[in-house]
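Colleague: This is the structure I want to talk about, given as structure tokens.
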Amino acid sequence: MSKWLEFFGIKKETDERVQQQGTKVFFEAGIFVFCIAILDIIVRGMVLDRLAEWGFSFFIIGAYLVYGIIRMAFAGVYDQDIYDETSFEKKMRKHTLEHLLISLFLSIITTVHDGMPHDLMGWMEIPVKFCCAFLAMQLVEWVLSRISLRKIKKELQ
């Protein structure tokens, strides 16, 4: 593993200040790539009207965000209000309400975008979309919060 880190220029330094500076540089480089990808989407997608060409930039943005969120969970800083089981349950209840509202909004938006259904199967798709969106968001939130809680418990012991 250390050979891969050295290949990318990431070294484990004995001096903590130097290690922090190296981490800061890579963070700033990641933010720069993220901004370039957003700029690419804006210019090519909206200004030049070439929507098919910015797919890779969209992939870069998505990968950056997913990696950042997962890395935050494994570092124990995903949700800093969670420090024990009771705070975890309280936070999950709060997220449940938020996810219900977002799922309702998404199902309404997709229904308006696709048009009103004309048959029973079309009407049955609306609650299925709602349930799928809610369960996906709730599962991701639960997993990431649980990983973060385990890391925090491990550090506190």
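The values are calculated or read from the model by the stated rules, or taken from the named source; none is laboratory data. Not measured: the values here are computed from a predicted model. Note: ideal-geometry Cβ built from the backbone for every residue, glycine included; neighbour counts use all protein chains shown. Side chains are part of the model used for accessible areas, which takes the heavy atoms of the whole protein and leaves out ligands, DNA and RNA. Shrake-Rupley method; radii C 1.70, N 1.55, O 1.52, S 1.80 Å.
Colleague: Assign unit charges at the C-beta atoms only (+1 for Lys and Arg, -1 for Asp and Glu), then state the dipole size of the chain relative to its Cα centre in Debye, rounded to the nearest 20. Before the final figure, lay out each step's value.
Modeller: Details: 18 positive and 19 negative charges, 106 e Å.
That gives a dipole near 500 debye.
Colleague: For residue 140 and residue 72, compute 0.36 nm times the residue count separating them, minus their Cα-Cα distance, and round to one decimal in nm.
Modeller: Values: separation 68, 0.36 × 68 = 24.48 nm, distance 1.34 nm.
23.1 nm is the gain from fully extending residue 140 to residue 72.
Colleague: Quick check: the angle from helix 55-75's long axis to the longest principal axis of the chain, C-alpha only, nearest 10 degrees?
Modeller: Approximately 60 degrees, to the nearest ten.
Colleague: Just the number please: accessible area per residue for the chain, 1.4 Å probe, all protein chains included, in Å². Please list the in-between numbers first.
Modeller: Values: 12310 Å² over 157 residues.
Counting only protein heavy atoms, the per-residue value for the chain is 78 Å².
Colleague: Across the chain, how many lysine pairs, 8 or more apart or on two chains, come within less than 29 Å at their alpha-carbon atoms?
Modeller: 28
Colleague: Quick one, which of (1) 67, 51, 23; (2) 39, 36, 36; (3) 53, 31, 30 is the actual Cα extents along the principal axes in Å calculated for this model?
Modeller: Checking each listed value against the structure points to (1).
Colleague: Right, another one. According to the Cα gyration tensor, what semi-axes, each the square root of 5 times an eigenvalue, does the equivalent ellipsoid of the stretch 88-137 have, listed from largest to smallest in whole Å? Could the numbers behind the result be given before it?
Modeller: Numbers: eigenvalues 136, 20, 7 Å².
Here the semi-axes work out to 26, 10, 6 Å.
Colleague: Just to confirm the number: angle between the C-alpha axis of helix 120-156 and the first principal axis of the chain, 0 to 90 degrees, nearest 10?
Modeller: Taking the Cα atoms of the chain, the angle to 120-156 is about 20 degrees.
Colleague: Could I ask something else about it? Using the charge dipole of the chain (Lys, Arg: +1 at Cβ; Asp, Glu: -1 at Cβ; taken about the Cα centre), state which of 140, 103, 77 has its Cα farthest towards the positive end.
Modeller: 77
Colleague: Counting only protein chains, not ligands or nucleic acids, how are 101, 65 ordered by accessible area (probe 1.4 Å), most first? Mind showing how you got there, number by number?
Modeller: Details: 101 105, 65 85 Å².
Highest to lowest solvent-accessible surface, that is 101, 65.
Colleague: Report the accessible area of residue 112, computed with a 1.4 Å probe over the heavy atoms of all protein chains in place, in Å² rounded to the nearest 10.
Modeller: Per-residue accessible area (residue 112): approximately 110 Å².
Colleague: To continue, here is another question. Rounded to the nearest 10 degrees, what's the angle between the helix 85-114 long axis and the longest principal axis of the chain, both from Cα atoms, 0 to 90?
Modeller: Taking the Cα atoms of the chain, the angle to 85-114 is about 50 degrees.
Colleague: Got a sec? Which residues in the stretch 65-93 would a label at residue 153 touch, if it sits 7 Å along Cα→Cβ and we count backbone N under 14 Å?
Modeller: 82-89
Colleague: Once you keep just the Cα pairs under 8 angstrom separated by 6 or more residues, what percentage relative contact order results for the chain?
Modeller: 24
Colleague: Could you please state how large a percent of the accessible area of the chain is carbon and sulfur, counting protein chains only and using a 1.4 Å probe? Don't skip to the end; give the middle numbers.
Modeller: Details: 8690 of 12310 Å².
That fraction is 71 percent.
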